[in-house]
Amino acid sequence: MPLYICGAGGVGREALDAALATTLTVTAFLDDARAGEKVRGLPVLRPADVDSGDYLVGIAAPAARARLALLLDERGLRAVTLVHPRAVISPETSIAAGCLIQANAHVSSSVTLGRHVQVHYNATIGHDAVLDPRSTVYPGANISGNVHLGEDATVGSNAVVLQGLTVGVGAFVGAGAVVTRDVPAGVTVVGSPARPLRPREDRLS
């Protein structure tokens, strides 16, 4: 069965690293913008050019991940999960199809990862955390126990979300932020402690 990585950018190439570390063979990248090229020795095809096989979406942006996963699902491909062999996955953890877990990530006990979640290198996910579909944890971030990340939520590099909090649907936690209270849906927070990012016109007044 062919295996495709959708996205030939940085995350896609890192997904290839994970596949190679697990001795999986990747057939090609899928990327409209780079179709016809070769990346890391692999051909780049258009997503619409394939109609069977397994795939993983190696793109950081949740909206793009959702769009491409739907396209490939509708074309009859099957989402698979890539877990780097140097990642730690603790017992009683549930990992849905399409997840990417990078090297040196640590996913603790009784965690639930929804479809197409990404946990990048050196990130940690605490016990009983729930990461809804397409949520993303960037390198070095720490998600404490019992945290809930809503669909399409993103936690930036080296950020911390403290115990028991919720980061709402589509919210974004900036790099290095320390989240000490729930983050509403669609809100971007930055700083320590994390606060909502004001619109540019407010910051200039």
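Summary table below
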read-out: Residues (in a strand (DSSP E or B) and either open to solvent by 20 Å² or more (accessible area, probe 1.4 Å) or modelled with pLDDT under 95 (or both)) located in the stretch 83-104; value: V83, V88, I89, S94, I95
read-out: In the stretch 102-128, the residues that are without any contact (Cβ under 8 Å) to a residue 60 or more places away in the chain and hydrophobic (A, V, I, L, M, F, W, C); value: A105, V107, V111, L113, V117, V119, A123, I125
read-out: For L204: the one exception among (1) at pLDDT 95 or above; (2) open to solvent by 60 Å² or more (accessible area, probe 1.4 Å); (3) over 16 Å from A60 (Cα atoms); (4) of a type in the set (A, V, I, L, M); value: (1)
read-out: Tally of residues being among the hydrophobic types (A, V, I, L, M, F, W, C) and in a loop (DSSP other than H, G, I, E, B) across the stretch 134-184; value: 10
read-out: Selected residue [crowded, with 24+ Cβ neighbours inside 10 Å, over 13 Å from the mean Cα position of the chain (by Cα) and modelled with pLDDT of 95 or more] from V130, V107, V119, V137; value: V107
read-out: Some residue of the stretch 56-74 being part of a strand (DSSP E or B), surrounded by fewer than 20 Cβ atoms within 10 Å (Cβ to Cβ) and modelled with pLDDT of 95 or more; value: no
read-out: Close pairs (7 angstrom Cβ cut-off, 6 or more residues apart or separate chains): under 12 Å from G126 (Cα atoms) and among the polar types (S, T, N, Q) in the stretch 156-168, open to solvent by 40 Å² or more (accessible area, probe 1.4 Å) and part of a loop (DSSP other than H, G, I, E, B) anywhere; value: Q163/N146
read-out: Some residue of the stretch 75-82 being open to solvent by 30 Å² or more (accessible area, probe 1.4 Å) and of a type in the set (S, T, N, Q); value: yes
read-out: Search result, residues across the stretch 1-42 that are surrounded by 16 or more Cβ atoms within 10 Å (Cβ to Cβ), assigned to a strand (DSSP E or B) and of a type outside the set (A, V, I, L, M); value: Y4, C6, F29
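The values are calculated or read from the model by the stated rules, or taken from the named source; none is laboratory data. Note that the coordinates shown come from a computational prediction; the quantities given were computed from them, not determined experimentally. Cβ sites come from the backbone with ideal geometry, for glycine too, and all protein chains shown count toward neighbours. In case anyone asks, the SASA skips ligands and DNA or RNA and just uses the protein heavy atoms, side chains included. Shrake-Rupley method; radii C 1.70, N 1.55, O 1.52, S 1.80 Å.
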